[in-house]
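Have a look at the structure below, then the notes.
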Amino acid sequence: MGNSERRLRAEFHGSLVILALVAALPLVLTSVYWQGVVIVSLYYALQAMGWNLVTGYTGQMNLAPAAFAMVGAYGVGLLSHHWGISPWLGVPVGVAAAAGIGLVLGRIVLPLQGAYVALTTLSFAEILRLVIGNSYSVTRGDLGLNVPTVFDGRLPYYYLMLAVVVLVQIALYALMRSRMGLFLQAVRDDEVAAASRGVSIVWWKTLAFVVSSAICGLAGTLYAPFAGLISPELGLILNTGLVVSMVVIGGMGTMIGPIVGALLVYTAGEMLREVGDYHLIVFALLVIVFARFFRGGIWGLLQLGADRLPGRRETGAREG
Amino acid sequence: MLYLDLTVTGLMTGVFYALMAIGLTLIFGILRVVNFAHGEFYMVGAYTYTLLSTALGVPVWLTLPAAVLVGAALGWVTERTLMRPLYAGYSSWGLMKDEYAIIVTFGLSLLLINLVDKVIGPYPYRGPELIDTARVHLGPVIADGHRLMATGLGVAVIAGVFAFMRFTVAGKQVQAVAQNRLGASLAGIDPGRVSAAVFAASGGLAAFAGGLLAPIINASPDVGVFTAVKSYVVVVLGGMGSVAGAVVAGLFLGVAESFGAVFISYGYRDTFGLVILILVLMFRPQGLFGEKGRSV
Amino acid sequence: MTFLKVKGLEKRFGGRHAVDSVHFDVAAGELVGLIGPNGSGKTTLLNMLSGHLAPDGGTVTLEGREVTRLPVHRRARAGILRMFQLTRVFDRVSTLDNLLVAGRGLGLNARDALTRARALLDELSLSPVAALDAGRLSGGQRKLLEFGTCFMVPPRIALLDEPFAAVHPSMREIMGRFVRERHALGQTFLLVSHDMPVVREMCERSVCMNAGSILADGNTEDVLNDPAVIEAYLGGEAA
């Protein structure tokens with residue numbers, strides 16, 4: 001077993017423990033409001049997982065995850081609005097739309113590096129948002145679209161969202177355990193060297209982009225019927241900023257970071273909101289501090305702590 | 001007549017695009033990173049100008065320089081605290097440089113937006129105009145007095161930047177660092193100081209634009225997001241790192257948008273520049289903006 | 001039989017010929033030294049052989065199959081593996097995983113790649129740092145690691161660009177022994193080096209380039225004693 005595999009396994013098991021805790025949470029957490037908070041944080045967790053695949057593992061600075069979630073949501077919303085098609089059928093359509101657009105964007109940014117990828121994806125995200133926001137006849141623009149609910153009550157949404165997060169996490173684990181995991185990280189670290197060892201840059205970068213976009217789209221398709229109302233605001237850069245914060249705080253390029261980060265940032269944010277509305281300031285500060293001093297995020301810090309305990313074992317926590 | 005009108009309006013908008021883009025492109029020239037908090041320098045400038053004038057009653061001719069100073073200070077602090085690791089120590093960071101710079105400036109952007117949102121509030125503030133004259137007739141074109149004054153100041157400052165880069169030692173040092181950081185440092189120029197100065201200048205210019213536009217685009221916490229996106233377009237169009245390119249591209253984008261809004265679609269006017277940005281990066285991934293890293 | 005055939009290969013940068021109509025063959029099992037003063041076109045030539053640079057003319061044929069237009073990763077899978085002058089490893093994955101990337105990239109299954117990687121780690125004395133991120137290795141260890149990734153799957157031909165430069169003598173010894181042993185088993189090499197004693201000792205045959213062209217090709221001793229070669233080196237040093 002390679003070290004990458006060993007790391008992945010620890011991270012994956014850790015994430016399952018956390019998700020199991022989330023599954024048990026409604027036993028004590030009976031507040032409908034707080035269940036809603038967890039549902040939204042799981043919605044962000046999915047986007048964070050998608051973003052982490054393409055940026056944390058593959059190194060393509062994608063600033064469009066929120067836009068792909070918006071595309072997924074509008075896939076569901078438009079089908080239901082125009083043709084009365086059930087959100088259940090809208091889910092695969094929304095995911096396919098996000099994957100298709102992801103394919104286009106992935107091909108566009110394929111030859112680009114670093115800041116150019118960030119600028120292109122940011123522009124692309126803004127175009128998507130502006131087009132949806134201005135096409136009143138089709139999307140009702142800024143008014144948003146009503147999406148019919150699919151369940152009564154909160155808990156079914158809670159467990160649906162959770163089940164999807166678990167399934168996507170398992171799928172990502174399988175992908176990352178395969179040679180794809182090694183290749184994506186190799187591409188991230190040095191494209192030229194990766195190609196020189198037989199890794200097809202075109203194929204793996206594009207694939208990562210498409211899968212990532214599809215996951216973000218999936219998040220949006222599930223969010224739409226839960227929220228009941230969707231608008232172009234889903235695709236705001238600020239929402240992408242939230243996704244980026246979650247992953248950076250949780251631990252970029254790890255299996256567990258996006259989940260920990262999303263749950264923590266979003267639910268802790270809601271808790272702080274009750275004390276005073278300072279949560280976004282706190283998280284923005286945390287992002288800067290983590291990026292500057294603890295590049296491994298919370299997971300990296302935990303690993304560092306674990307390494308210090310029983311003798312010293314190098315697990316390669318990736319602090320600065 | 002319509003064409004002339006659209007051209008003049010477009011050029012006037014373009015001056016502000018250029019003003020925003022110059023700072024961004026200078027930073028790229030020096031550090032090879034994009035500052036994703038650039039729009040927030042603009043936002044801080046807009047607020048400084050507006051609030052000092054309206055809440056404290058300071059005359060606009062003092063609040064405008066004050067906005068520049070605050071923006072410059074913010075730029076300088078940003079460079080000293082967050083950009084230093086890009087070149088001081090951290091030798092193994094070469095690989096993660098882009099990632100770090102993008103995340104950290106993105107985080108700074110979020111921080112400033114939310115800080116202002118919390119401290120000052122989410123409501124928009126309209127800045128006072130520099131002069132009261134409502135309408136000025138420039139031959140056949142009618143322009144708003146403030147807009148004309150602001151544009152004039154913008155042009156003057158851009159001219160000043162050019163003169164500085166061309167005729168002063170400090171300006172030449174900036175160019176030297178942009179061209180060859182190592183070489184410049186061997187020649188006795190401290191790249192760290194130049195970086196800090198460029199960040200300060202960049203923040204000052206953005207804040208200046210924010211102040212000038214505050215009567216036209218109300219100051220609000222996220223006002224910079226939109227402006228920043230425009231400056232990314234301009235910087236890419238003009239060639240990342242090129243000041244002259246940024247000015248030309250800024251004016252071009254202003255005119256293109258003003259014509260596009262009338263002849264193509266008003267609703268989609270903000271997408272034109274973004275489409276242009278993507279097309280440029282797709283079809284001229286090098287060329288337009290200078291070098292592309294050698295593959296081996 | 002001709003194993004690697006380079007025919008009329010050329011590359012211009014601006015108006016200048018970096019490589020100008022170069023012809024040479026490498027036979028199976030040969031260890032050929034590629035020498036020449038700085039800027040003579042050695043690395044450009046290597047880049048065209050490995051696919052990192054598209055030639056402006058000419059062909060590269062490996063075992064009768066033309067590979068001139070194959071992209072880098074396909075050429076690697078065809079068995080042309082190269083080591084870069086400036087070390088390239090994957091900094092944020094472990095030493096072991098660096099080797100696994102090469103193994104899997106070149107088509108091994110997971111188990112074979114792991115077996116092979118463990119053996120190479122031992123052979124190159126990298127086992128103690130197997131779990132360390134490659135970014136934390138010393139310069140010499142990184143070089144050894146990159147060297148190792150060329151041999152996860154025995155290459156048809158290994159292109160080594162200054163493998164011994166700026167490396168601690170003990171690591172140089174490890175690499176040198178490795179090259180000699182593989183060569184004895186029939187491995188084909190093209191070795192770019194500035195280190196004349198090394199070339200003299202390891203390579204029976206050498207090709208000397210100057211100003212983009214081949215100046216001399218033949219028995220290493222003869223090439224090194226060729227007045228034109230000596231002139232090129234002295235000229236290069238004088239300039």
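The values are calculated or read from the model by the stated rules, or taken from the named source; none is laboratory data. These figures come from a predicted structure and were not determined experimentally. Cβ placement follows ideal geometry from the backbone for every residue including glycine, while neighbour counts extend to all protein chains displayed. Remember, those area values only see protein heavy atoms, side chains included, never the ligands or the DNA or RNA. Shrake-Rupley method; radii C 1.70, N 1.55, O 1.52, S 1.80 Å.
Couple of notes before you dig in:
- For C:Val167, the conditions (1) crowded, with 20+ Cβ neighbours inside 10 Å; (2) part of a helix (DSSP H, G or I); (3) over 13 Å from the mean Cα position of the chain (by Cα) all hold with the exception of (2).
- Subset of segment C:37-73 (residues that are more than 14 Å from chain A (Cβ to nearest Cβ), in a loop (DSSP other than H, G, I, E, B) and under 15 Å from the mean Cα position of the chain (by Cα)): C:Gly41
- Unique match (being at pLDDT 85 or above and of a type in the set (A, V, I, L, M)) among B:Ile189, B:Ile217: B:Ile217
- Checklist (1) at pLDDT 95 or above; (2) among the polar types (S, T, N, Q); (3) in contact with an Asp or Glu (Cβ under 9 Å, 6 or more places away or on another chain) applied to A:Asn239, failing item: (1)
- The helices (runs of 4 or more DSSP H) falling completely within segment A:185-296 that include 3 or more residues that are surrounded by fewer than 21 Cβ atoms within 10 Å (Cβ to Cβ) map to A:201-227, A:257-275, A:279-293.
- Tally of residues being within 29 Å of B:Leu86 (Cα to Cα) and more than 23 Å from the chain's Cα centre (by Cα) across segment B:130-180: 2
- Condition broken by B:Ala214, with the remaining ones in (1) within 17 Å of B:Ile113 (Cα to Cα); (2) open to solvent by 10 Å² or more (accessible area, probe 1.4 Å) satisfied: (2)
- Qualifying residue in segment C:45-52 (condition: assigned by TED's automatic domain parsing to the domain that holds C:Val223 and more than 26 Å from A:Val199 (Cβ to Cβ)): no
Yes/no per residue for (1) facing another protein chain (nearest Cβ under 7 Å); (2) touching a Pro at 6+ places or on another chain (Cβ under 9 Å); (3) open to solvent by less than 40 Å² (accessible area, probe 1.4 Å); (4) not in a loop (DSSP other than H, G, I, E, B):
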residue	(1), (2), (3), (4)
C:Arg75	no, no, yes, yes
C:Leu86	no, no, no, no
C:Asp91	yes, no, yes, no
C:Leu99	no, no, yes, yes
C:Ala102	yes, no, yes, yes
C:Asp112	no, no, no, yes
C:Thr115	no, no, no, yes
C:Leu120	no, no, yes, yes
C:Ser125	no, no, no, no
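- Within segment A:28-39, the residues that satisfy the criterion of being loosely packed, with under 15 Cβ neighbours inside 10 Å and either hydrophobic (A, V, I, L, M, F, W, C) or touching a Lys or Arg at 6+ places or on another chain (Cβ under 6 Å) (or both) are A:Val28, A:Val32.
- A:Phe151 vs. criteria among the aromatic types (Phe, Trp, Tyr) and over 30 Å from C:Ala102 (Cα atoms): yes
- Every listed requirement among (1) open to solvent by less than 40 Å² (accessible area, probe 1.4 Å); (2) at the interface with another protein chain (Cβ under 9 Å from one of its Cβ atoms); (3) under 19 Å from C:Leu46 (Cβ atoms) is met by C:Ile80 save one, (2).
- Of all residues in segment A:187-211, those satisfying the criterion of being within 8 Å of chain C (Cβ to nearest Cβ) and charged (D, E, K, R) are A:Arg188, A:Asp189, A:Asp190, A:Arg197.
- Odd one out for C:Ile214 among (1) open to solvent by 30 Å² or more (accessible area, probe 1.4 Å); (2) in contact with a helix residue (DSSP H, G or I) (Cβ under 9 Å, 6 or more places away or on another chain); (3) assigned to a strand (DSSP E or B): (2)
- Exactly one residue out of A:Leu89, A:Leu128, A:Leu103, A:Leu78 is facing chain B (nearest Cβ under 10 Å) and either modelled with pLDDT of 90 or more or in a loop (DSSP other than H, G, I, E, B) (or both): that is A:Leu128.
- Test for A:Phe12: is it open to solvent by 10 Å² or more (accessible area, probe 1.4 Å) and among the aromatic types (Phe, Trp, Tyr): yes
- Flag for A:Gly75 being touching a helix residue (DSSP H, G or I) at 6+ places or on another chain (Cβ under 9 Å), surrounded by 23 or more Cβ atoms within 10 Å (Cβ to Cβ) and within 16 Å of A:Val202 (Cα to Cα): no
- Within segment B:115-128, the only residue that satisfies the criterion of being modelled with pLDDT under 90 and at the interface with chain A (Cβ under 7 Å from one of its Cβ atoms) is B:Lys118.
- One residue from A:Leu63, A:Leu42, A:Leu25 being over 29 Å from C:Leu96 (Cβ atoms) and open to solvent by 20 Å² or more (accessible area, probe 1.4 Å): A:Leu25
- Members of segment A:97-156 found to be surrounded by fewer than 21 Cβ atoms within 10 Å (Cβ to Cβ) and acidic (Asp, Glu), listed by number: A:Asp142, A:Asp152
- Residue match in segment A:158-181 (condition: assigned to a helix (DSSP H, G or I) and within 7 Å of another protein chain (Cβ to nearest Cβ)): yes
- The requirement of being within 14 Å of chain B (Cβ to nearest Cβ), within 25 Å of A:Leu145 (Cα to Cα), of a type outside the set (A, V, I, L, M, F, W, C) and touching a Lys or Arg at 6+ places or on another chain (Cβ under 6 Å) is not satisfied by A:Gly241.
- Verdict on A:Val202 being of a type in the set (A, V, I, L, M) and over 19 Å from C:Asp91 (Cα atoms): yes
- Members of segment B:162-196 that are on the phi < 0 side of the Ramachandran plot, open to solvent by 60 Å² or more (accessible area, probe 1.4 Å) and not charged (D, E, K, R): B:Phe162, B:Phe164, B:Phe167, B:Val169, B:Gln173, B:Gln175, B:Gln179, B:Asn180, B:Leu182, B:Leu186, B:Ala187
- Members of segment B:248-271 that are of a type outside the set (Gly, Ala, Ser) and out of contact with any Leu (no Cβ under 8 Å at 6 or more places or on another chain): B:Val248, B:Glu257, B:Phe263, B:Ile264, B:Tyr266, B:Arg269
- Selection count, segment B:226-284, where residues are surrounded by fewer than 18 Cβ atoms within 10 Å (Cβ to Cβ), closer than 26 Å to A:Leu236 by Cα and within 20 Å of the chain's Cα centre (by Cα): 2
- Filtering B:Arg147, B:Arg166, B:Arg135 for residues that are in contact (Cβ under 8 Å) with a residue 40 or more places away in the chain and among the basic types (Lys, Arg) leaves a single hit, B:Arg147.
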